[in-house]
Amino acid sequence: MSILRTKHIIFDFDGTVVDSYHAVLLGVQTVLSELLNRPILLDELKKNYSPHLPELLQNFNIPQSDLALTKRLARRWSELALEMEFDYVLFPGILESFVQLRQLGATIYLWTARDRASTVKILENFNLKNHFTDFRCGDDTATKPSPDGISAMVGHISKDDVVVIGDSHMDILGAKNFGCRSIAALWCQGADRETVLRHSPDFFANTPLECLEIIRGMYV
């Protein structure tokens with residue numbers, strides 16, 4: 001078996017490792033309906049949804065200057081993510097990719113905009129924590145597309161040895177801001193393929209195993 005020269009692979013979480021698209025929509029629908037005091041229909045949410053909080057606020061005409069409201073939204077989402085038993089599943093092939101990457105000598109990290117408490121809960125439910133050397137969440141550092149989370153984990157590593165994998169344009173921008181390469185993960189139903197590709201990832205993959213082959217080609 002070929003061995004990768006020491007490489008550092010950073011995965012996004014929702015939409016890349018776990019298929020949480022419908023669960024996240026349900027949670028955001030609940031939170032926005034509560035905070036805006038009106039029912040948010042699913043069609044309206046799908047049209048205006050963004051995984052990036054500032055964009056989500058803008059799309060629902062919530063002023064970002066209203067810090068109290070935005071904090072309430074983030075806090076309520078964190079509470080809901082812990083309270084509700086959302087129907088998350090791992091994407092087919094993602095666990096096999098982790099196993100093969102580790103066998104090839106890669107070091108794997110997790111970088112997510114999700115809060116730490118619900119991230120840890122999901123990782124433990126799927127017995128995934130041992131696959132990751134380190135992880136950073138949305139409430140640990142400045143959120144995406146700031147590269148702070150990446151820097152906290154691999155800031156001492158050559159940027160040529162780091163690649164970020166994610167389904168959102170915020171992942172691609174975060175990689176660019178850090179100065180490393182990126183792979184667009186297009187296997188999630190909710191991935192905005194057009195927007196992600198418009199931000200010029202270095203590569204794109206339609207399945208986790210296709211992503212694995214891209215990494216092999218980059219580093220073997």
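Looking at Thr70, Thr107, Thr133, Thr141, which is the one that is touching a Gly at 6+ places or on another chain (Cβ under 9 Å) and of a type in the set (Ser, Thr, Tyr)? If you could, list the steps in order and put the result at the bottom.
On the way: Thr70 fails: touching a Gly at 6+ places or on another chain (Cβ under 9 Å); Thr107 fails: touching a Gly at 6+ places or on another chain (Cβ under 9 Å); Thr133 fails: touching a Gly at 6+ places or on another chain (Cβ under 9 Å).
Result of the check over Thr70, Thr107, Thr133, Thr141: Thr141.
For segment 106-122, state whether one or more residues are modelled with pLDDT of 95 or more, out of contact with any His (no Cβ under 6 Å at 6 or more places or on another chain), farther than 17 Å from Leu82 by Cβ and among the polar types (S, T, N, Q).
no
Just one of the numbered conditions (1) crowded, with 16+ Cβ neighbours inside 10 Å; (2) modelled with pLDDT under 85 is not true of Val17; which one?
With (1) crowded, with 16+ Cβ neighbours inside 10 Å; (2) modelled with pLDDT under 85 applied to Val17, the lone miss is (2).
Run down Gly217, Gly179 and say which single residue is out of contact with any helix residue (DSSP H, G or I) (no Cβ under 9 Å at 6 or more places or on another chain) and free of Cβ contacts under 8 Å to residues at least 40 places away in the same chain. Can you show your working first?
Details: Gly179 fails: out of contact with any helix residue (DSSP H, G or I) (no Cβ under 9 Å at 6 or more places or on another chain).
Answer to the check: Gly217.
May I ask you to say which residue of Met84, Met153 is more than 20 Å from Phe204 (Cα to Cα) and modelled with pLDDT of 95 or more?
Met153
Could you give me the residue pairs with C-beta distances under 9 Å whose first residue belongs to segment 154-169 and is closer than 23 Å to Arg198 by Cβ and in contact (Cβ under 8 Å) with a residue 24 or more places away in the chain, whose second residue is in a strand (DSSP E or B) and polar (S, T, N, Q) wherever it lies, and which are 6+ apart or on separate chains?
If the second residue must be in a strand (DSSP E or B) and polar (S, T, N, Q), the pairs left are Val163/Ser182; Val164/Ser182; Ile165/Ser182; Gly166/Ser182.
Based on what the data block shows, is Phe60 surrounded by 15 or more Cβ atoms within 10 Å (Cβ to Cβ), at negative phi and touching a Leu at 6+ places or on another chain (Cβ under 7 Å)?
yes
Take segment 90-147 and flag every residue that is in contact with a Lys or Arg (Cβ under 6 Å, 6 or more places away or on another chain) and aromatic (Phe, Trp, Tyr).
Trp111, the sole residue that qualifies.
The values are calculated or read from the model by the stated rules, or taken from the named source; none is laboratory data. These numbers come from a predicted model, not from an experiment. Because the Cβ atoms are built from the backbone with ideal geometry, glycine has one as well, and the counts that use them run over all protein chains shown.
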